[in-house]
1. Restricting to segment 160-178, and then to whatever is of a type in the set (A, V, I, L, M) and modelled with pLDDT under 85, can you tell me which residue is farthest from Leu137 (Cα to Cα)?
2. Considering only segment 45-66, I want to know if a residue exists there that is in contact with a Lys or Arg (Cβ under 7 Å, 6 or more places away or on another chain) and of a type in the set (Ser, Thr, Tyr).
3. Report every pair of residues separated by at least 6 positions or lying on different chains whose Cβ atoms are under 6 Å apart, first residue within segment 164-185 and without any contact (Cβ under 8 Å) to a residue 24 or more places away in the chain, second of a type in the set (Lys, Arg) and in a helix (DSSP H, G or I).
4. Please indicate, with yes or no, whether at least one residue in segment 48-63 is part of a helix (DSSP H, G or I), of a type in the set (S, T, N, Q), more than 19 Å from the chain's Cα centre (by Cα) and surrounded by 14 or more Cβ atoms within 10 Å (Cβ to Cβ).
5. Before we move on, is Ser169 of a type outside the set (A, V, I, L, M) and closer than 30 Å to Leu27 by Cα?
6. Taking the conditions exactly as written (open to solvent by less than 60 Å² (accessible area, probe 1.4 Å) and not acidic (Asp, Glu)), does Lys72 satisfy them or not?
7. Does Leu92 count as modelled with pLDDT under 80 and either part of a helix (DSSP H, G or I) or of a type in the set (A, V, I, L, M) (or both)?
8. Which one is nearest to Ala16 (Cα to Cα), of the residues in segment 69-82 that are in a helix (DSSP H, G or I) and touching a residue at least 60 places away in the same chain (Cβ under 8 Å)?
Amino acid sequence: MPKGFNNHEKSVIKEALIEHGKTLFRLYGLQKTSVQDLTKKVGIAAGSFYKFYHSKEELYFEIIEKEEEQIKEVLLSLELGDAPKQAMKNILFKMIHSIEKSPFMQQLYLVENMEVLMRKLPPEKLEDHFKKDTDFLSPLIHKWQDQGVEFTEPPEIIASILRSLVLLSFQKEKIGESEYPKTMEFLIHTTVEGLIKEG
């Protein structure tokens with residue numbers, strides 16, 4: 001860490017980099033935001049940035065992970081109640097909507113951003129991230145099972161199907177802006193009807 005920064009200052013600077021990073025990345029995107037832009041907003045020298053992060057991509061990725069954690073916390077807090085099919089559809093709609101309205105989640109799957117992250121981030125960091133996604137879905141599915149829901153498929157297949165819905169939400173333009181809402185509604189309805197046993 002930079003000389004002259006006590007623990008409190010380090011914490012404040014890191015939090016400021018995250019907060020200003022959110023604003024700058026949202027406005028200008030990953031590639032058009034420079035380290036100098038970030039440090040100027042925070043009031044530290046550009047060289048000091050690298051004492052906190054190895055690259056702007058690492059900061060960007062940390063912001064994305066924080067966004068994901070917030071979405072996951074909301075989903076894990078939701079109960080299925082007495083109408084599990086409708087509740088599960090509502091939960092999936094909420095998950096997709098949360099991802100759609102997050103500029104960082106939408107930017108993550110842009111081809112150019114993914115290519116940069118693949119080049120700049122350590123492979124183990126990306127592997128750990130995608131493993132966390134898988135690990136998150138498993139307890140969510142088991143939680144639903146504990147609430148009395150009987151599924152037609154094993155948890156790993158359910159997790160794969162749910163991941164497919166999430167990935168599809170990043171293809172709105174390819175599907176067609178006008179067709180996308182009905183397409184997603186149909187797929188969520190069909191998925192839940194096919195995954196949850198009657199009764």
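1. Leu167
2. yes
3. Tyr180/Lys172
4. yes
5. yes
6. Answer is yes for this residue.
7. Taking the combined requirement at face value, the residue does not satisfy it.
8. Here the residue is Lys72.
The values are calculated or read from the model by the stated rules, or taken from the named source; none is laboratory data. The structure displayed is predicted, hence computed values, not measured ones. Neighbour counts are summed over all protein chains in view; Cβ atoms, including those assigned to glycine, are modelled from backbone coordinates with ideal geometry. The accessibility values were calculated without ligands, DNA or RNA, using every heavy atom of the protein model including side chains. Shrake-Rupley method; radii C 1.70, N 1.55, O 1.52, S 1.80 Å.
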